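S.K.: Here you go, one structure.
The values are calculated or read from the model by the stated rules, or taken from the named source; none is laboratory data. The structure displayed is predicted, hence computed values, not measured ones. Counting neighbours? That spans all protein chains shown, and the Cβs are built from the backbone with ideal geometry, glycine included.
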Number of protein chains: 2
Amino acid sequence: MTTPFDVYDTTLRDGAQQEGLNLSVADKLNIARQIDRLGVGYIEGGWPGANPKDTEFFRRAREELRLDNAVLAAFGATRRAGVAAADDPLVAALRESGAQVVTLVAKSHDRHVELALRTTLEENLAMVRDTVTHLRAEGQRVFLDAEHFFDGYRANRDYALEVLRTAYEAGAEVVALCDTNGGMLPGWVADVVDDVVSTTQGRVGIHCHNDTGCAVANTLSAVDAGASHVQGTLNGYGERTGNADLVNVVANLELKAGRPVLPQGLLREATRIAHAVAEVTNVPPASRQPYVGTSAFAHKAGLHASAIKVDPDLYQHMSPEGVGNDMRLLVSDMAGRASIELKGRELGFDLSGDRALVDRVTARVKDLESRGYTFEAADASFELLLAEEVEGARPSYFEVESWRVITETPGAADAEAVSEATVKLRAGGARIVNTGEGNGPVNALDQALRGAIGQAYPEVAKFQLIDYKVRILDQGHGTDAITRVLIETTDGASSWVTVGVGANVIQASWGALVDGLTFGLRRAQVR
Amino acid sequence: MTTPFDVYDTTLRDGAQQEGLNLSVADKLNIARQIDRLGVGYIEGGWPGANPKDTEFFRRAREELRLDNAVLAAFGATRRAGVAAADDPLVAALRESGAQVVTLVAKSHDRHVELALRTTLEENLAMVRDTVTHLRAEGQRVFLDAEHFFDGYRANRDYALEVLRTAYEAGAEVVALCDTNGGMLPGWVADVVDDVVSTTQGRVGIHCHNDTGCAVANTLSAVDAGASHVQGTLNGYGERTGNADLVNVVANLELKAGRPVLPQGLLREATRIAHAVAEVTNVPPASRQPYVGTSAFAHKAGLHASAIKVDPDLYQHMSPEGVGNDMRLLVSDMAGRASIELKGRELGFDLSGDRALVDRVTARVKDLESRGYTFEAADASFELLLAEEVEGARPSYFEVESWRVITETPGAADAEAVSEATVKLRAGGARIVNTGEGNGPVNALDQALRGAIGQAYPEVAKFQLIDYKVRILDQGHGTDAITRVLIETTDGASSWVTVGVGANVIQASWGALVDGLTFGLRRAQVR
């Protein structure tokens, strides 16, 4: 029997501590589904009872979250000082969360016990013992996060180890040693983990922050020293400098150290998942991110190009397919073709026989992407582009003459602003002028446009705009930066995403709205 | 006598390989001056002879670049196969660069010699020997970058070591081992460096890329194994995933490992320098960057804030002053009273004596945050809120009567949309009506508002909007979702962030614009 090895994701809890990152319950459910596809063993969902959002997350997770690979874990603290575990409402929230696993954070640094918990070292041990025992008796599995462990170990090794022993004896499966302040270096982590493993004989986990730029290396160093449980977050999200980037840790373990830790083949989803999660968090992905960044396998041409053709492995540390990324030569169009063919097939267009067509589509996509478009998320806009190239003309159901939108404060400046849009277009043989009102300019424009087109195509009545995302590209140029808008439209049965780009956010939104309605009419097979 | 230790910056050469990074000669001179203030020993300026820009850089550097700490190094290759070093025009360019130090890149991987250089292993050794000998005879100091060393060592240890021996014998002071493809892990680097140091007895340097997320740790690992020369770049700039972040490496050596490597006190300039360099490169700084990122010493959780008051060192891995950074407390819905008090102190308001005031501010922050505001990033809006509560009234320099913004496609629907805004307000005793145009509604509104207020307060002329971020909250509700806008304004010397929220994106932007100008006028102490 081999020792189990846990890949434990804490994006939804510790990752959500990142400055500027605010996740709704729907966002968290969405991210959990994405991370599950990576094949991690555990997903920490949040702290039920500590805030209403996380309580709601676990309630909805019980009803609607079906995970293929991961076990959901609830995070929480040991019972308060001087209260029985069974009577502590925060412990009750963990018990009632429906999570199979509870990860309890416990103090293991003597000064933190005294200053932050304001209790005695003995009571802290009792709090660990009682809470673990109680939750185990209630049928939950318990992991323990030993907070500030490395600093605590330096301050008072005996006490830090005593906390671990207490947790193991009470039934904790794993104790994760946390470098909460993030100040450790790999050699130090190795020494401490080595001592803990040999002293306690328990299963040890590792939880690192990136304050020295060594979170990934510290995690690997702990594994080398005997840790069998690694914690981290997608895209390295987290407080301050972030947590260990879980994809980096896993890729290093699987592809470098030859130690499989995910179900076979799932690491190939890593790039897609990392980017999908970034779409939900709306934190722009770092192009230089190891393994999954858009620049991670990009090569400046010139000196190397001819040798890359002979043997690409001379110039890359691994095959980018291993993490679902692509090699990219910055001045060549090698990269796009295969994925465009693949994407076309996915949408029902067989492009494999027509090299010139694929070249044309690739060139257009590259051109549009250089101007800020993205087709990764906007399948519907991509299908319209493909249809245009395959069928010779862009599907079109209406011709727009002009549009205008006004936003103003009608009376006093502190009154609610109102927006009004007018569109003029030709559809179904008639000229239509329609005005819509809304609580924002895009909302008004959507009302005006759908109202106008609906007069010619009643199918439009079913369409509804359900998501609207704005991203400012090329930040640092103030309000005249390029804006990208993604719009999701539904017909009640399914939904599709379209993209618009422009220096003017309203024009970018307009482009995405027009694509959204056009795609919907095409799908409804309107002639 | 102690062994010398080199901190070698290659921002201007290897860092400039980063995708999207384009530096003019003036940019490079500017960056060199900044990096010199950090106290590094060597600044690699580029490859004279290989491109006109770098040749020009060295020409201008001779005339106008005065460095207090660093020696300028020129990068270049060993002579071409079959040509005498003295006759190779690229070697001549190095000779004539005026640089005291030449860093020669040489192949140390047998397959690269055969495939990229297309020459024999023997001729490659001769190229190393001849070029080093020639430049030494001409009075230059020579360092050698052994390209693809770690992969080459694996493929053919004897040959890789032979390249190093040849370089040392010809007079190279240091040989830097390059993990050119970036695929190494710390343990592997340590083993190889250890072997090289004990086999060759020469001075060894290290040059790492971040493809496994371990560039900093790999560099430290090499130093532990005996390397006495570290290469890296400011902000970790570089091809693909970047090079080792030199500030991280140095901070870890000085502050963690207790090994001073810069002139005393200069590491305290690191944050300022890293940001100044980012201004020149125009690459937005990563807030999560270790040591120097704006989030690197930011604390969010309310849980911790009360203990931070007692002993900040319990919650930070070092004092941020050590790298010229600041501790920052984020105000968020997780924060309690303690963090509001601390935040107030940070901004110059002593709230500790007034419990009712703190309660009032905390309640307002919680209420505003539940409606979509965030004060984590928007310090300036938070300061206005605090000032309102402390001073009894919100700072106000103008009274808005109304505003309106129109966006339209003037002629055909595919024409570029234009936006025009009109604001009516009272300022400095006069009623002002002003119209502004822009390529988007917020841009137009900003023009109109600043133009109007500038008529009463000339200070406004210095203000400029430098960043604009939109986030749709509560996604999944289409265009009628709540929108949050963050705006960053500068007065040329410093910058501040304000927040606006609303169902209408224009109204949200308006709120942030008004706060941005109000804060700027307050900071300028306008009465």
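S.K.: Return the pair list, or none, for Cβ contacts closer than 6 Å from residues in the stretch B:107-121 that are more than 13 Å from A:Leu314 (Cα to Cα) to residues that are in a loop (DSSP other than H, G, I, E, B), at least 6 apart or on different chains.
M.R.: Cβ pairs passing all conditions: B:Thr119/B:Ala81.
S.K.: For the stretch B:440-464, give me each residue that is farther than 17 Å from B:Arg522 by Cβ and buried (at least 18 other Cβ atoms within 10 Å of the Cβ).
M.R.: Listed by number, the residues that qualify are B:Gly440, B:Pro441, B:Val442, B:Asn443, B:Ala444, B:Leu445, B:Asp446, B:Gln447, B:Ala448, B:Ala452.
S.K.: Quick test for you: out of A:Ala85, A:Ala116, pick the one residue that is under 15 Å from A:Ala172 (Cβ atoms) and either touching a Cys at 6+ places or on another chain (Cβ under 8 Å) or not aromatic (Phe, Trp, Tyr) (or both). Spell out how you get there, then give the answer.
M.R.: Working: A:Ala116 fails: under 15 Å from A:Ala172 (Cβ atoms).
Testing whether each residue is under 15 Å from A:Ala172 (Cβ atoms) and either touching a Cys at 6+ places or on another chain (Cβ under 8 Å) or not aromatic (Phe, Trp, Tyr) (or both) leaves just A:Ala85.
S.K.: Right, next: Just the residues that are away from every other protein chain (no Cβ under 12 Å) and either assigned to a strand (DSSP E or B) or among the basic types (Lys, Arg) (or both), please, taken from the stretch B:485-500. Let's see the steps before the verdict.
M.R.: Restricting attention to the stretch B:485-500, the residues satisfying the condition of being away from every other protein chain (no Cβ under 12 Å) are B:491-494, B:496, B:498.
Listed by number, the residues that qualify are B:Trp496, B:Thr498.
S.K.: State which residue pairs qualify: first residue at the interface with chain A (Cβ under 7 Å from one of its Cβ atoms) and inside the stretch B:181-195, second residue acidic (Asp, Glu) and in a loop (DSSP other than H, G, I, E, B) in any location, beta carbons under 6 Å apart, and separation of 6 or more residues or different chains.
M.R.: The qualifying pairs are B:Gly182/B:Asp211; B:Gly183/B:Asp211.
S.K.: Sticking with this structure for a sec: Pick from B:Leu386, B:Leu368: which is more than 10 Å from every other protein chain (Cβ to nearest Cβ), part of a helix (DSSP H, G or I) and under 24 Å from B:Gln525 (Cα atoms)? Before you say what the answer is, go through the steps one by one.
M.R.: Numbers: B:Leu368 fails: under 24 Å from B:Gln525 (Cα atoms).
Every option except B:Leu386 fails the conditions.
S.K.: Hey, could you check the stretch A:302-319 for residues that are modelled with pLDDT under 60 and of a type in the set (Gly, Ala, Ser) and say which is farthest from B:Arg240 (Cα to Cα)? Write out each step before concluding.
M.R.: From the stretch A:302-319, those modelled with pLDDT under 60 are A:302-306; that's our starting set.
Within this subset, residues satisfying the condition of being of a type in the set (Gly, Ala, Ser) are A:302, A:305-306.
Numbers: A:Gly302: 15, A:Ala305: 15, A:Ser306: 19 Å.
Here the residue is A:Ser306.
Condition check ((1) within 28 Å of B:Val280 (Cα to Cα); (2) out of contact with any Ser or Thr (no Cβ under 7 Å at 6 or more places or on another chain); (3) not assigned by TED's automatic domain parsing to the domain that holds B:Arg272) across all residues:
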| residue | (1), (2), (3) |
| --- | --- |
| B:Leu185 | no, no, no |
| B:Val192 | no, yes, no |
| B:Val196 | no, yes, no |
| B:Gln201 | no, yes, no |
| B:Leu220 | no, yes, no |
| B:Ala225 | no, yes, no |
| B:His229 | yes, yes, no |
| B:Gly236 | yes, yes, no |
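S.K.: Here's something else I'd like to know. Is one or more of the residues making up the stretch B:63-74 modelled with pLDDT under 95, part of a helix (DSSP H, G or I) and within 18 Å of B:Gly45 (Cα to Cα)?
M.R.: There is at least one residue in the stretch B:63-74 that is modelled with pLDDT under 95, part of a helix (DSSP H, G or I) and within 18 Å of B:Gly45 (Cα to Cα).
S.K.: Another question, if that's okay. Out of the stretch A:100-116, which residues are in contact with an Asp or Glu (Cβ under 8 Å, 6 or more places away or on another chain) and either under 25 Å from A:Gly45 (Cβ atoms) or surrounded by fewer than 24 Cβ atoms within 10 Å (Cβ to Cβ) (or both)?
M.R.: A:Thr103, A:Leu104, A:Val105, A:Ala106, A:Lys107, A:Ser108, A:Arg111, A:His112, A:Leu115
S.K.: Here's something else I'd like to know. Can you say whether B:Ala176 is small (Gly, Ala, Ser), under 26 Å from B:Gly242 (Cα atoms) and under 28 Å from the mean Cα position of the chain (by Cα), as far as the supplied structure shows? Walk me through how you get there before you give the answer.
M.R.: Details: small (Gly, Ala, Ser): yes; under 26 Å from B:Gly242 (Cα atoms): yes; under 28 Å from the mean Cα position of the chain (by Cα): yes.
Judged against the criteria, B:Ala176 is a match.
S.K.: Could you tell me which residue of the stretch A:12-28 is farthest from A:Arg240 (Cα to Cα), considering only residues that are within 12 Å of chain B (Cβ to nearest Cβ) and modelled with pLDDT of 95 or more?
M.R.: By that ranking, first place goes to A:Arg13.
S.K.: Now for a different question. Please go through the stretch B:33-60 and pick out each residue that is free of Cβ contacts under 8 Å to residues at least 60 places away in the same chain, among the small types (Gly, Ala, Ser) and either in contact with a Cys (Cβ under 7 Å, 6 or more places away or on another chain) or surrounded by fewer than 24 Cβ atoms within 10 Å (Cβ to Cβ) (or both).
M.R.: Residues satisfying the conditions are B:Gly41, B:Gly49, B:Ala50.
S.K.: Now for a different question. Any idea which of B:Gly242, B:Gly213, B:Gly238, B:Gly232 is touching a strand residue (DSSP E or B) at 6+ places or on another chain (Cβ under 8 Å), under 15 Å from B:Val40 (Cβ atoms) and buried (at least 24 other Cβ atoms within 10 Å of the Cβ)? Break it down into steps so the answer makes sense when it comes.
M.R.: Working: B:Gly242 fails: under 15 Å from B:Val40 (Cβ atoms); B:Gly213 fails: under 15 Å from B:Val40 (Cβ atoms); B:Gly238 fails: under 15 Å from B:Val40 (Cβ atoms).
Result of the check over B:Gly242, B:Gly213, B:Gly238, B:Gly232: B:Gly232.
S.K.: Which ones in the stretch B:83-132 are touching a Gly at 6+ places or on another chain (Cβ under 8 Å), more than 14 Å from every other protein chain (Cβ to nearest Cβ) and either more than 24 Å from B:Arg62 (Cα to Cα) or among the acidic types (Asp, Glu) (or both)?
M.R.: Hit for the stretch B:83-132 is B:Glu123, nothing else.
S.K.: Shifting gears a bit: Name the residues in the stretch A:208-246 that are at the interface with chain B (Cβ under 7 Å from one of its Cβ atoms) and assigned to a strand (DSSP E or B), would you?
M.R.: A:Asp245
S.K.: Next up: Residues being among the β-branched types (Val, Ile, Thr) and not in a helix (DSSP H, G or I): count how many of those fall in the stretch B:264-294.
M.R.: 3
S.K.: Quickly run through the stretch B:422-449 and pick out the residues that are assigned to a helix (DSSP H, G or I) and either of a type in the set (A, V, I, L, M) or more than 11 Å from chain A (Cβ to nearest Cβ) (or both).
M.R.: First, pick out the residues of the stretch B:422-449 that are assigned to a helix (DSSP H, G or I): B:441-449.
Selection gives B:Val442, B:Ala444, B:Leu445, B:Ala448, B:Leu449.
S.K.: Still on this structure, please answer the following. Could you say whether any residue in the stretch B:135-142 is free of Cβ contacts under 8 Å to residues at least 12 places away in the same chain and out of contact with any Lys or Arg (no Cβ under 7 Å at 6 or more places or on another chain)?
M.R.: At the first step, the residues of the stretch B:135-142 found to be free of Cβ contacts under 8 Å to residues at least 12 places away in the same chain are B:137, B:139.
Subsequent filtering for residues that are out of contact with any Lys or Arg (no Cβ under 7 Å at 6 or more places or on another chain) retains B:137, B:139.
Within the stretch B:135-142, one or more residues are free of Cβ contacts under 8 Å to residues at least 12 places away in the same chain and out of contact with any Lys or Arg (no Cβ under 7 Å at 6 or more places or on another chain).
S.K.: Considering only the stretch B:501-509, I want to know if a residue exists there that is over 26 Å from B:Thr422 (Cβ atoms), part of a strand (DSSP E or B) and away from chain A (no Cβ under 11 Å).
M.R.: As a first pass, look at the stretch B:501-509 and keep what is over 26 Å from B:Thr422 (Cβ atoms): none.
No, the stretch B:501-509 contains no residue that is over 26 Å from B:Thr422 (Cβ atoms), part of a strand (DSSP E or B) and away from chain A (no Cβ under 11 Å).
S.K.: Based on what the data block shows, is A:Leu513 modelled with pLDDT of 95 or more and either within 14 Å of chain B (Cβ to nearest Cβ) or in contact with a helix residue (DSSP H, G or I) (Cβ under 6 Å, 6 or more places away or on another chain) (or both)? Explain how you work it out, then say what you get.
M.R.: Numbers: modelled with pLDDT of 95 or more: yes; either within 14 Å of chain B (Cβ to nearest Cβ) or in contact with a helix residue (DSSP H, G or I) (Cβ under 6 Å, 6 or more places away or on another chain) (or both): yes.
Taking the combined requirement at face value, the residue satisfies it.
S.K.: Still on this structure, I have one more. Residues that are acidic (Asp, Glu) and under 35 Å from the mean Cα position of the chain (by Cα): find the helices (runs of 4 or more DSSP H) completely inside the stretch A:101-171 holding 1 or more of those. I'd like the intermediate steps shown before the answer.
M.R.: Numbers: elements: A:121-137, A:149-155, A:157-170.
It comes to A:149-155.
S.K.: Now for a different question. Can you give me the number of residues within the stretch A:389-401 that are crowded, with 17+ Cβ neighbours inside 10 Å and either at the interface with chain B (Cβ under 7 Å from one of its Cβ atoms) or assigned to a strand (DSSP E or B) (or both)?
M.R.: The number of residues fulfilling the criteria is 2.
S.K.: Filter the stretch B:1-13 down to the residues that are in a loop (DSSP other than H, G, I, E, B) and over 15 Å from the mean Cα position of the chain (by Cα), then identify the one that is surrounded by the fewest Cβ atoms within 10 Å (Cβ to Cβ).
M.R.: Just the residues of the stretch B:1-13 that are in a loop (DSSP other than H, G, I, E, B), to begin with: B:1-5, B:10-13.
So of that shortlist, the ones also over 15 Å from the mean Cα position of the chain (by Cα) come out as B:1-5, B:13.
Working: B:Met1: 3, B:Thr2: 5, B:Thr3: 7, B:Pro4: 11, B:Phe5: 17, B:Arg13: 22.
That would be B:Met1.
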